[in-house]
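Worksheet: one structure, shown below.
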Amino acid sequence: MPHSHLRGILLAFAGFTFWVLADTSIKIVGRSALPAYEVLAFMGLFTSASVALYAAASGQVRRLRPTVPIQQLIRSLLDLTNNICVVVALRHITLPLFYILVFMAPLVVTLLAAFFLRELFGLRRILAVLAGFTGVVIAVNPFARAQGDFAGYAACMVCVACFSVNMVWSRVLIRTEAPESLTFFSGIVQAVVGFAAMLFHAEPVSAHTLLELIAVGAFGAGGAICVFRALRLISPSTVTQYHYTQLVTGSLLSWLLWRQPPTLSMIMGGALIAAAGLYIALPRAHSA
């Protein structure tokens, strides 16, 4: 395995682990009365502040400047929609179920990459995608006691759509934009939109909640930088396969903090989704 490929894999793993920590912090913040847009405002503020401090400490502040601001704005709006839906989803469903549902992202990224980046996509991969979506039905298990509600499920679907398009779009942007710039610009857009909404209504933020929001921003920034760096070394389809590590880390944190282990249907559905996602990531010679 080439050294650059291994480095890309390690960065992807680190990025998704940071995002688990950010999502866990968001779920903790979700216990407060803060509206989703207020959480988004502080998330954007502390994400951009974390990236700015990182760039300043490494003497690379110039890397924050966007080369193609219009394209970055489009990507940032996708990020904004994704993040506000993450906040909503984590208030309505358990952390393990959240990760199982967003496991659809690698499947959707592969479909988009085949269409926009001309990556090979044969009949067997189409069947694998269908198997993955079957896994989602098994994981949600609509006939059992609900692990969430319609608002949480719908928010997850929007997350998957925005994240998937964002991954493919970022693969294009990363050719000209620095990872720090992509993360910083997105944070600024989220902060501007969030604080603008707070002009109409805002809840007071306690010191404890403020610390949790700082954690959300710092972990989110770390995850984004790692994933963007990974996209420079390996394909979007390969990066998104490491989404599956989030079920392990997310379930562990969910059990430690809230005693919410994944159910048997979640494990079965998650295994089917993961198997489908890993299959479509196999070398093209095996997927014709």
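The values are calculated or read from the model by the stated rules, or taken from the named source; none is laboratory data. Bear in mind that the values here come from a model prediction, so they are computed numbers and not experimental data. Cβ sites come from the backbone with ideal geometry, for glycine too, and all protein chains shown count toward neighbours.
The residue of the range 152-192 that is surrounded by the fewest Cβ atoms within 10 Å (Cβ to Cβ), among those that are over 29 Å from SER58 (Cα atoms) and among the β-branched types (Val, Ile, Thr), is VAL158. With respect to the conditions (1) buried (at least 21 other Cβ atoms within 10 Å of the Cβ); (2) modelled with pLDDT of 90 or more, ALA207 lacks only one, and its number is (1).
Please work out if ARG229 is surrounded by fewer than 21 Cβ atoms within 10 Å (Cβ to Cβ) and either aromatic (Phe, Trp, Tyr) or more than 27 Å from ILE273 (Cβ to Cβ) (or both). No: the conditions fail for ARG229. Filtering the range 239-259 for residues that are at pLDDT below 75 and either touching a His at 6+ places or on another chain (Cβ under 9 Å) or not in a helix (DSSP H, G or I) (or both) leaves an empty set. Checked against the criterion of being free of Cβ contacts under 8 Å to residues at least 40 places away in the same chain, surrounded by fewer than 20 Cβ atoms within 10 Å (Cβ to Cβ) and more than 26 Å from VAL172 (Cα to Cα), the range 69-86 has no qualifying residue. Quick check: anything in the range 150-168 modelled with pLDDT under 90, of a type in the set (S, T, N, Q) and in a helix (DSSP H, G or I)? So far as the range 150-168 goes, yes, one or more of its residues are modelled with pLDDT under 90, of a type in the set (S, T, N, Q) and in a helix (DSSP H, G or I). Scanning the range 212-222 turns up at least one residue that is of a type in the set (Phe, Trp, Tyr) and surrounded by 19 or more Cβ atoms within 10 Å (Cβ to Cβ).
Could you check, for the range 247-266, whether at least one of its residues is in contact (Cβ under 8 Å) with a residue 60 or more places away in the chain, under 26 Å from PHE185 (Cα atoms) and polar (S, T, N, Q)? Within the range 247-266, none of the residues are in contact (Cβ under 8 Å) with a residue 60 or more places away in the chain, under 26 Å from PHE185 (Cα atoms) and polar (S, T, N, Q).
Every residue in the range 8-31 that is assigned to a loop (DSSP other than H, G, I, E, B) and of a type in the set (A, V, I, L, M), please. Give the steps one after another, and end with the answer.
Step one: of the range 8-31, the residues assigned to a loop (DSSP other than H, G, I, E, B) are 30-31.
Selection gives nothing.
Residues in the range 55-90 that are more than 18 Å from the chain's Cα centre (by Cα) and basic (Lys, Arg): ARG62, ARG63, ARG65.
Please indicate, with yes or no, whether at least one residue in the range 40-54 is without any contact (Cβ under 8 Å) to a residue 12 or more places away in the chain, over 16 Å from LEU182 (Cβ atoms) and assigned to a helix (DSSP H, G or I).
Yes, there is a match, as at least one residue in the range 40-54 is without any contact (Cβ under 8 Å) to a residue 12 or more places away in the chain, over 16 Å from LEU182 (Cβ atoms) and assigned to a helix (DSSP H, G or I).
Scan the range 55-68 for residues that are touching a residue at least 12 places away in the same chain (Cβ under 8 Å) and in a helix (DSSP H, G or I) and the total you get is 3.
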